[in-house]
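The structure appears right after this line, and notes come after that.
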Amino acid sequence: MPAATMQSFDPKPEVSLSSNDAHVLSALFDPEASLSRDDVDISASQNSLPGISESELPGLQLIESAAIRPLNTPSPSRETVEAATEALGDLIVAHPSYASAYTNRAQALRLLLGDDLFSSANNTLLSRLLSDLSRAIALTTPASPQDTLSRLQAHVLATAHTHRGYILLKAAKAARDGVLEGGPEELRRASSDELEEMASRDFFLGGRYGDKTAQQIAVRLNPYAKMCGAIVKEAMRKEMDEYRNGLEL
């Protein structure tokens with residue numbers, strides 16, 4: 001059977017794209033590629049945190065585990081959560097460079113906030129939560145993107161960025177609904193679009209440091225992915241309209 005003939009084409013047409021344009025086009029058709037292109041170097045053999053010596057880390061982790069263990073129930077009481085928050089606060093006072101304690105205290109504060117995150121009554125708690133997450137990020141962010149991270153350092157960064165991204169995304173919705181009353185002044189002054197952009201950045205970084213859920217959310221919030229999705233939806237709508245019009249003939 002003779003081989004089918006194919007029209008030849010030049011696989012390298014005379015089109016010049018900047019590296020940014022090429023990256024954007026790649027992200028449109030494979031959004032996850034934009035998150036994995038610049039991989040973080042994470043050492044599987046290291047279990048350390050910046051500013052904490054290897055000798056003191058195990059002891060700090062034991063204290064931290066004891067503080068948060070009572071929270072590992074479906075519905076811990078407010079008294080239990082407050083006790084955990086206080087214990088983590090004592091740990092932070094004694095060891096202010098221990099980043100993991102900040103992320104865990106932020107999670108405990110999130111339990112205290114309940115569902116009404118952005119009410120004026122929760123202003124102090126929400127400000128403390130965001131401050132803890134920002135502090136954890138500042139303590140663990142590498143000086144250079146090329147620096148090797150330990151597994152624990154990457155985990156703290158992923159947790160802090162993802163948690164902050166979640167808060168910022170909720171804040172964006174609250175701003176759109178006109179119910180953003182609590183939190184730092186910078187948060188309340190920002191527009192819903194600005195808050196969503198900040199959330200997208202945090203989810204991107206959370207995914208970059210290893211959180212798969214953050215990576216997926218970052219793809220959905222990516223403006224290029226949104227644009228691509230809108231183009232596809234519009235094309236599908238037109239195709240359906242043409243199909244319906246054809247049936248009516």
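Every number in this text was worked out from the coordinates using simple rules, so none of it is lab data. Since we're looking at a predicted model, the values are computed, not measured. Positions of Cβ are generated from backbone atoms using ideal geometry, with glycine treated the same way; all protein chains shown enter the neighbour counts.
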Fewest-first ordering of GLU82, GLU56 by Cβ atoms within 10 Å yields GLU56, GLU82
Contour minus Cα-Cα span, THR213 to ALA121, at 0.36 nm per residue, comes to 30.1 nm
With the label point 7 Å along the Cα-to-beta-carbon line of ARG151 and a cut-off under 18 Å to each amide N, the hits in the stretch 97-116 are 100
Stretched fully, the stretch from GLN46 through ALA83 gains (0.36 nm per residue minus C-alpha distance, one decimal, in nm) 10.2 nm
For LEU49, LEU88, ascending order of other Cβ atoms within 10 Å (fewest first) is LEU49, LEU88
Taking placed amide H atoms and a strict 5 Å upper bound, the residues 5 or more places from LEU49 or on another chain that come that close are none
Counting only DSSP loop positions in the stretch 136-210, the GluC sites (Glu not before Pro) whose Cβ has at most 16 other Cβ atoms within 10 Å are GLU181
Long-range amide H partners of ILE42, meaning residues 5 or more apart or on another chain whose placed amide H is closer than 5 Å, are LEU149
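Sort 145-156, 114-125, 205-216, 96-107 by the packing proxy (mean of other Cβ within 10 Å over each peptide's residues), most packed first.
Top to bottom by mean Cβ count within 10 Å: 96-107, 205-216, 145-156, 114-125.
Compute the relative contact order of the stretch 44-166 as a whole-number percentage, counting only Cα pairs closer than 8 Å that sit 6 or more residues apart in sequence.
RCO, the stretch 44-166: 32 percent.
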By Cβ neighbour count within 10 Å, fewest first, ARG110, ARG176 rank ARG176, ARG110
The answer for the per residue Cα convex hull volume of the stretch 53-239, in Å³, is 148
